[in-house]
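Every number in this text was worked out from the coordinates using simple rules, so none of it is lab data. Predicted model only: the values in this text are computed from it and were never measured. Cβ sites come from the backbone with ideal geometry, for glycine too, and all protein chains shown count toward neighbours.
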Amino acid sequence: MEFKVNELEREPIEFALELAPGAVDLGEEAEQVGKLATSGLAEVLHEHRGPKDIVADIRLKGQFAGKFQVPCARCVEAVEIPLAADFDLIFRPTEADAEPLERSITAPETEIGYYQGDSLLLEDVLREQVLLALPARTLCKPDCKGLCPRCGENRNLHPCHCDEGPSDPRWEALAGLRGRIKS
């Protein structure tokens, strides 16, 4: 769904959608399972910077809910995660803050996103919000055994029969550490 500034200036737009899997490209980070429900309100906020300098910011306030699959951090098996979150975001045209010199930004400016041209895509906003809501590390179960570093076998499904082989001599200084810690 595209929000155009000239349409939003006439009146705010309420939205309520159910997006099919694949409608929002989440890259390799996650995969959408089932529909992604979202609803909210899009409106224009006019920022007056001077007598003739008015910037049309887009405010997007809403929520989303859906199920996603992410790989386990140890065994890379798919883990289903339900997510739901609210968002209240401000987007400014990219050219509004374009300055030839570098400058430091204020704390409130870190909360502002940017849109190009005269419109903002809801799918782009949802991609960002879903990726930010995902946990940094996901495990299929707390005691996941992961993959064998030698053969790649999933140790949760089958015990690995790889021999340990010679250890790296650089780690020999730490070889007796486990026994000293336990005693």
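Structure above, values below:
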read-out: Helix 122-133 axis, angle to the chain major axis (alpha carbon atoms, nearest 10°); value: 40
read-out: Over segment 2-133, relative contact order from alpha-carbon pairs under 8 Å, at least 6 apart, %; value: 25
read-out: Beta bridges by DSSP in segment 2-133, antiparallel share as percent, to the nearest 5; value: 90
read-out: Expected 222 nm ellipticity per residue - DSSP helices of 4 or more, -39500 (n - 2.57), all of the chain, to 500; value: -3500 deg cm²/dmol
read-out: Residue 49-residue 73 FRET efficiency (beta carbon distance; Förster radius 30 Å; 0.05 resolution); value: 0.05
read-out: Answer label, with Cα extents along the principal axes in Å calculated from the coordinates and candidates (i) 47, 33, 31; (ii) 75, 42, 28; (iii) 50, 40, 33; value: (ii)
read-out: Under-21-angstrom lysine pairs by C-alpha in the chain, whenever the two are 8 or more apart or on separate chains; value: 4
read-out: Length gained when the stretch residue 84-residue 137 is fully extended (0.36 nm per residue, less Cα-Cα span); value: 17.3 nm
